[in-house]
Every structure is written in C-alpha cells, then in structure tokens.
Amino acid sequence: MGGFKVNSPQVPNGVSRPTVSSSWNSRGTVERALKSIRIVIFTSKLNLLMPFGPASIILHFTTRRHGLIFLFSMLGVTPLAERLGYATEQLAIYTGPTVGGLLNATFGNATEMIIAVYALKNGMIRVVQQSLLGSILSNMLLVMGCAFFAGGVVHRNKDQIFSKATAVVNSGLLLMAVMGLMFPAVLHFTHSEVRQGASEVALSRFSSCIMLVAYASYLYFQLSGRSNIYSPIGSEEAPIEDTAEEDEEAEIGMWEAVTWLAVLTLWVSFLSEYLVNTIEGASDSLNLPVAFISVILLPIVGNAAEHASAIMFAMKDKLDITLGVAIGSSTQISMFVIPFCVVIGWMMGQRMDLNFQLFETATLFITVLVVAFMLQDGTANYLKGLMLILCYLIVAASFFVHVDPQSSDG
C-alpha cells in the first residue's frame with residue numbers, strides 16, 4: 001500500500017516529474033545542437049576552406065605579405081558565404097518561396113554589404129562602387145548563367161518555365177537603377193554641372209533616396225498577397241507537391257537556422273576587415289588591377305551563397321526561386337545596397353556618389369539589356385545559360401585590361 005502513497009498525485013510540489021522532463025529536454029537540446037553543428041559544419045566539402053579564415057588573421061599579425069593575406073581571407077570567406085546560403089535555404093522551407101527568395105537575396109548580400117561598409121569606412125569609394133557593380137554583373141550573368149545551364153542539362157528534354165511577371169518587374173527595377181547611375185556619370189562627363197563636383201553628389205543623394213522608396217514599394221508589392229500573379233504558367237498543382245517535397249528536405253529547425261545566420265554573418269564581417277585592408281597590397285603583389293579584384297574576384301566570393309542555392313533550385317526545376325535569388329539579388333544590390341551606401345557615406349562624411357564612371361555604367365547597361373531579352377519569354381534552357389556565362393567571360397576580360405582613371409583617388 002505504501003507504494004501507492006509515493007506515486008499519489010498529492011506529492012507536495014510534484015517535483016520529480018518536471019525534473020525528469022527537464023533533464024530529457026536539456027539532453028534533447030544538446031543532441032539537437034550537436035546534430036545542427038554536424039550538419040552545418042561537417043557536411044559541406046567546401047568547409048575544408050574554413051581554416052583559411054583564422055590562418056589569414058595569424059598571417060596578418062606575423063607577416064606583411066598582403067597578397068597571401070588577401071587570398072587566405074578570400075578562401076576563408078567563401079565557405080561562410082555558401083553556408084549562409086544553406087542556412088537561408090533551410091529557413092526558406094518554413095517561410096514559403098516568395099519570402100524564401102527574398103531571404104536568400106538578403107543574406108546572400110550580407111557579405112557584399114559588410115565588405116562595402118568596411119571599404120567605405122576606409123575611404124575606398126571606388127572599391128565600394130566596383131565590388132557592388134561586380135556583384136550585380138556576377139549575379140545576372142555568372143550565377144544565373146550557371147543555374148540555367150545546370151538546370152537545362154538536368155532537364156534537357158524540356159524548356160524550364162518561370163514567372164514572366166517577376167522577370168518583367170525585376171528588369172524594370174534594374175533599368176531604373178541604370179538610369180539612377182547614368183545621370184550622375186553623364187552630368188560629370190559632359191561638364192554640365194551647376195556647381196562642379198557638388199551637383200553630382202547632390203543628385204546622387206537625391207536619386208538614392210528615390211531608389212530606396214522604389215525598392216520599399218517593390219517589397220510591399222511583392223509581399224502583399226500578389227503571390228498568385230507570380231506563379232509559373234501551367235503549374236496549378238505544383239505547389240502541393242513542392243510543399244511536401246520541401247517539408248522532407250528540412251534538415252535543421254527554424255530557430256537553429258536563424259542562429260546560424262547570426263553567427264555566420266558575424267564571422268564574415270570579422271574576416272571582411274582583413275580582406276578589405278589588403279586589397280591594394282594584393283593588387284601590387286599579385287600584379288592584378290584593383291578594378292579586376294573589386295569587380296570580378298570579390299563578388300565571386302560574396303556570391304558563393306547565391307551561386308550554390310540558385311544552381312540547386314534550378315536542378316530541382318524551381319526556376320522561380322532561382323530567379324528570386326539571382327535577379328532578386330541584383331535588384332536588391334542596385335536598388336537598396338548601392339543607395340544605402342550613398343546615404344551611409346553621406347553620414348560618414350564620405351563623398352560616395354552614383355557616378356560609377358563611363359566604362360562601368362556602360363557595362364551595367366548592356367548587361368541589363370542582355371538579361372532582360374533573355375528573360376522576356378519566361379523560359380530557360382542550357383543554351384541561354386551558356387550564353388550568359390560567355391557574356392560574363394567577356395566582361396571579366398574587359399576589366400582585366402581596364403585601367404581605372406580614379407584608382408589613385410582611393
């Protein structure tokens with residue numbers, strides 16, 4: 001009978017059962033954390049490059065070989081940018097494709113934004129301009145080209161379809177960004193300013209504020225129940241299948257993904273300082289133009305996240321998310337990050353403007369036109385992908401032989 005008294009519900013505070021429950025909960029939390037670390041850190045082969053990050057910091061304090069420090073920092077940031085993409089992709093499973101594409105674009109661009117702010121703080125305005133321009137070019141030509149090519153090879157027996165409405169809206173925003181960058185450059189090179197130097201900066205700051213308003217309007221438009229407009233043609237039944245497929249693919253929890261995003265962003269920002277501080281020294285020691293490093297090499301590192309996720313989604317025949325990542329990222333850099341840097345430079349007392357010089361502005365204009373024509377029919381295949389990649393090689397070669405007229409201004 002005594003046994004019944006021990007187990008009776010009249011135990012004063014019911015301590016025993018919650019204690020057992022909490023110990024199980026804490027054990028479960030530790031197991032989840034270890035599983036999350038194993039999945040995020042040890043499943044990607046690219047993470048073999050992670051030790052280059054701490055190595056670059058050690059080199060910074062033990063040697064003055066800027067070229068080596070730059071290369072090590074660049075290699076160290078690459079897997080972090082890719083893991084940022086992975087964590088964002090896991091978070092996108094819980095939020096749906098529209099918000100997921102937006103999240104991918106935002107955290108994919110975290111690397112570029114951090115590098116830009118550090119460079120701006122050091123007064124390296126041309127590095128900021130060229131690295132952001134390079135990110136747009138890389139996303140539109142290289143990332144989207146590789147995604148279309150990979151998706152086209154996997155699904156070679158059909159044309160992949162995506163929403164024309166999304167492509168048209170993004171192309172329109174990119175052309176608006178080109179307009180915002182073109183007028184300060186034209187004003188500068190036609191020498192038609194009211195006040196030499198001052199008018200160009202004033203126009204840039206005004207245009208930046210307008211572009212930020214336009215981007216905020218675009219976000220509201222995209223997220224305020226317009227998802228029915230942005231569904232691909234002939235895919236009425238696809239969302240149900242996709243949801244089921246995506247639910248199976250979730251490898252880490254939502255809050256785990258958020259935590260990883262915060263941790264990885266902090267580590268990227270730490271390494272970016274070393275990367276930015278060694279750009280000019282690396283240019284001398286590697287015998288490469290600063291323009292080539294800024295427009296081609298830095299964005300390849302920063303776009304590792306977009307590159308990986310865009311290709312993966314294209315291979316799964318989810319072209320709308322691929323477009324949200326590649327074109328959405330370009331739109332975000334041109335309509336948000338660049339104007340944001342102008343405003344931040346204004347606050348810092350730096351003369352950051354939208355005059356990207358004639359060569360860079362012309363390159364962006366032609367690129368936007370080429371991509372807009374590629375997207376206008378709402379279909380993708382490996383030939384389009386190959387053409388975009390080849391266009392990027394032409395752009396890369398152009399910047400390799402391009403001497404920046406303002407490189408000495410720093």
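The stretch between ARG65 and VAL186 holds 39.6 nm of extra length on full extension. This uses 0.36 nm per residue minus the Cα-Cα distance.
Calculated on the Cα set of region 272-410, radius of gyration then Dmax: 16.8, 47 Å.
Residue separation of VAL370 and LYS164 scaled by 0.36 nm, minus their Cα-Cα distance, works out to 72.6 nm of gained length.
Fully extending the segment from PHE206 to LEU46 would add 53.4 nm, taking 0.36 nm per residue of separation and subtracting the current Cα-Cα distance.
Residues of region 353-370 with the amide nitrogen closer than 20 Å to a label point 7 Å from the Cα of MET387, along Cα-to-Cβ, please. Flagged as within label range: 363-370.
Calculated accessible area for region 50-92 comes out at 37 Å² per residue, all protein chains present (probe 1.4 Å; ligands, DNA, RNA ignored).
Computing FRET efficiency as 1/(1 + (r/R0)^6) for TRP346 and ARG195, where r is the C-beta to C-beta distance and R0 is 25 Å, gives about 0.90. With bins 10 Å wide beginning at 0, the percent of Cα pairs of region 289-329 falling in each bin runs 30, 41, 22, 7.
For LYS164, give me every one of the lysines with a C-alpha distance below 27 angstrom, ignoring sequence neighbours fewer than eight places off in its own chain. Of all the lysines, those that pass the test against LYS164 - Cα under 27 Å, at least 8 places apart if same chain - are LYS316, LYS318, LYS384. When region 153-219 is described by a simple charge dipole with +1 on each Lys and Arg Cβ and -1 on each Asp and Glu Cβ, the residue from VAL153, VAL169, THR190 located farthest towards its positive end is VAL153.
In terms of the mean number of neighbouring beta-carbon atoms within 10 Å, the peptides 48-59, 161-172 order highest first as 161-172, 48-59.
Using alpha-carbon positions, what is the distance between the centroids of region 367-401 and region 39-57, in Å? Result: 31 Å between the Cα centres.
The values are calculated or read from the model by the stated rules, or taken from the named source; none is laboratory data. From a predicted model like this one, the values you see are computed outputs, not experimental measurements. Reconstructed Cβ throughout: ideal geometry from the backbone, glycine too, with neighbour counts over all protein chains shown. Just the protein is used for accessible areas: all its heavy atoms, side chains included, with ligands, DNA and RNA removed. Shrake-Rupley method; radii C 1.70, N 1.55, O 1.52, S 1.80 Å.
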